[in-house]
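Asker: Dropping the structure in here first, questions after.
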Amino acid sequence: MWKTPFAKLFIFFIVYLWFKTFSGAVLPTHYLKQGLSLSMMMGGLVSLFVGQIVVLLIFKKLSAKKSYLLALFTSCVFLFLVIKINFAWQYYLASAFAGTSVFFYFVFYNIAYFENTPKEKTGRNSALMFSVPTILSIFAPLLAGVLAQVSMSLIWVFSSIFFLPALFLVFYQKDFTISYTIKASLLEIKTTRVLIFLEGIWEALVFGVIPIYTLYFITTPIGYGTYIAYLSIIGMTDLHYF
């Protein structure tokens with residue numbers, strides 16, 4: 001079972017998301033200590049989306065493995081830039097790199113995931129895919145909060161450790177190439193554009209705005225990490241009732 005393309009993809013997904021979730025879980029508290037204001041952090045959220053748009057316009061053809069590697073590389077550049085923030089532009093640039101990593105990973109991963117999912121298992125595998133981030137968002141912020149409370153340096157050290165298995169698993173993924181144009185892509189999603197737009201607004205609120213404005217009330221890494229984990233547990237509870 002674990003030798004199938006789907007199993008390799010799913011394990012890769014878990015490992016990659018653990019690296020990303022852990023490394024970014026309590027960064028807003030770090031930004032605050034670095035002297036960034038909440039309005040500047042909101043500006044970073046805008047830069048994140050700009051980064052995605054830029055790569056969307058530049059890359060018209062790319063292979064899966066190269067894209068996964070670029071996702072990991074840009075994630076590392078992002079972390080390197082925010083270790084010590086000396087200038088506002090440095091933070092905005094880091095946020096743009098974080099945005100590009102989202103593009104490089106999820107465009108290819110989503111395609112590969114559902115191409116390796118039998119039609120009769122689409123519902124089950126979709127549930128698996130969307131449950132993983134929620135589960136990881138319970139444990140990763142707690143661990144990150146505890147470590148960051150001791151020293152922020154531990155976040156950089158453990159992020160480096162968690163990066164390695166994600167990099168290793170890239171080379172076990174099936175490679176393929178996609179090419180696209182913006183016009184053709186928009187025509188392809190003509191019937192679902194409004195839903196995708198609303199989903200984008202919801203994600204910006206949940207993953208961007210709420211974590212930033214939480215800093216009005218919670219500023220310690222361990223408190224922040226615990227709160228993020230609590231939100232994830234509440235999210236799982238809501239899913240249970242639906």
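The values are calculated or read from the model by the stated rules, or taken from the named source; none is laboratory data. Keep in mind that this is a model prediction, so the values were computed, not measured. Counting neighbours? That spans all protein chains shown, and the Cβs are built from the backbone with ideal geometry, glycine included.
Asker: Could you say which residue among Val50, Val54, Val26 is buried (at least 16 other Cβ atoms within 10 Å of the Cβ) and in contact (Cβ under 8 Å) with a residue 40 or more places away in the chain?
Answerer: Val26
Asker: Test Gly35 against the stated conditions and say whether it is outside any helix (DSSP H, G or I) and in contact (Cβ under 8 Å) with a residue 40 or more places away in the chain. Talk me through it step by step, then tell me what you get.
Answerer: Values: outside any helix (DSSP H, G or I): yes; in contact (Cβ under 8 Å) with a residue 40 or more places away in the chain: yes.
Taking the combined requirement at face value, the residue satisfies it.
Asker: Hey, Ala94 hits all of (1) within 19 Å of Leu27 (Cα to Cα); (2) touching a residue at least 60 places away in the same chain (Cβ under 8 Å) but one; which does it fall short on?
Answerer: (2)
Asker: Would you mind telling me which numbered condition in (1) in contact with a helix residue (DSSP H, G or I) (Cβ under 6 Å, 6 or more places away or on another chain); (2) in contact (Cβ under 8 Å) with a residue 60 or more places away in the chain Phe10 fails?
Answerer: (1)
Asker: Going residue by residue through region 206-214, is there one that turns out to be assigned to a helix (DSSP H, G or I), modelled with pLDDT of 85 or more and closer than 19 Å to Thr21 by Cα?
Answerer: No: zero hits.
Asker: Is it the case, given these coordinates, that Ile85 is over 20 Å from the mean Cα position of the chain (by Cα), over 18 Å from Phe162 (Cα atoms) and not charged (D, E, K, R)?
Answerer: Working: over 20 Å from the mean Cα position of the chain (by Cα): yes; over 18 Å from Phe162 (Cα atoms): yes; not charged (D, E, K, R): yes.
So Ile85 fits the description; yes.
Asker: Let me ask another. Tell me which residues, restricted to region 79-105, are closer than 16 Å to Gln34 by Cα, surrounded by fewer than 21 Cβ atoms within 10 Å (Cβ to Cβ) and of a type in the set (Val, Ile, Thr).
Answerer: Ile83, Ile85
Asker: Just checking, which of Lys84, Lys66, Lys61 is touching a residue at least 12 places away in the same chain (Cβ under 8 Å) and over 21 Å from Met152 (Cα atoms)?
Answerer: Lys61
Okay, residues lined up against (1) at pLDDT below 95; (2) surrounded by fewer than 10 Cβ atoms within 10 Å (Cβ to Cβ); (3) under 25 Å from Gly43 (Cα atoms):
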residue: Val146; (1), (2), (3): no, no, no
residue: Met152; (1), (2), (3): no, no, yes
residue: Val157; (1), (2), (3): no, no, no
residue: Leu167; (1), (2), (3): no, no, no
residue: Gly200; (1), (2), (3): yes, no, yes
residue: Ala204; (1), (2), (3): yes, no, yes
residue: Phe217; (1), (2), (3): yes, yes, yes
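Asker: Suppose we filter Ala127, Ala94, Ala140 for residues that are within 21 Å of Ile14 (Cα to Cα) and within 17 Å of the chain's Cα centre (by Cα); which single one remains? Write out each step before concluding.
Answerer: Numbers: Ala127 fails: within 17 Å of the chain's Cα centre (by Cα); Ala94 fails: within 21 Å of Ile14 (Cα to Cα).
None of the others qualify; the one that does is Ala140.
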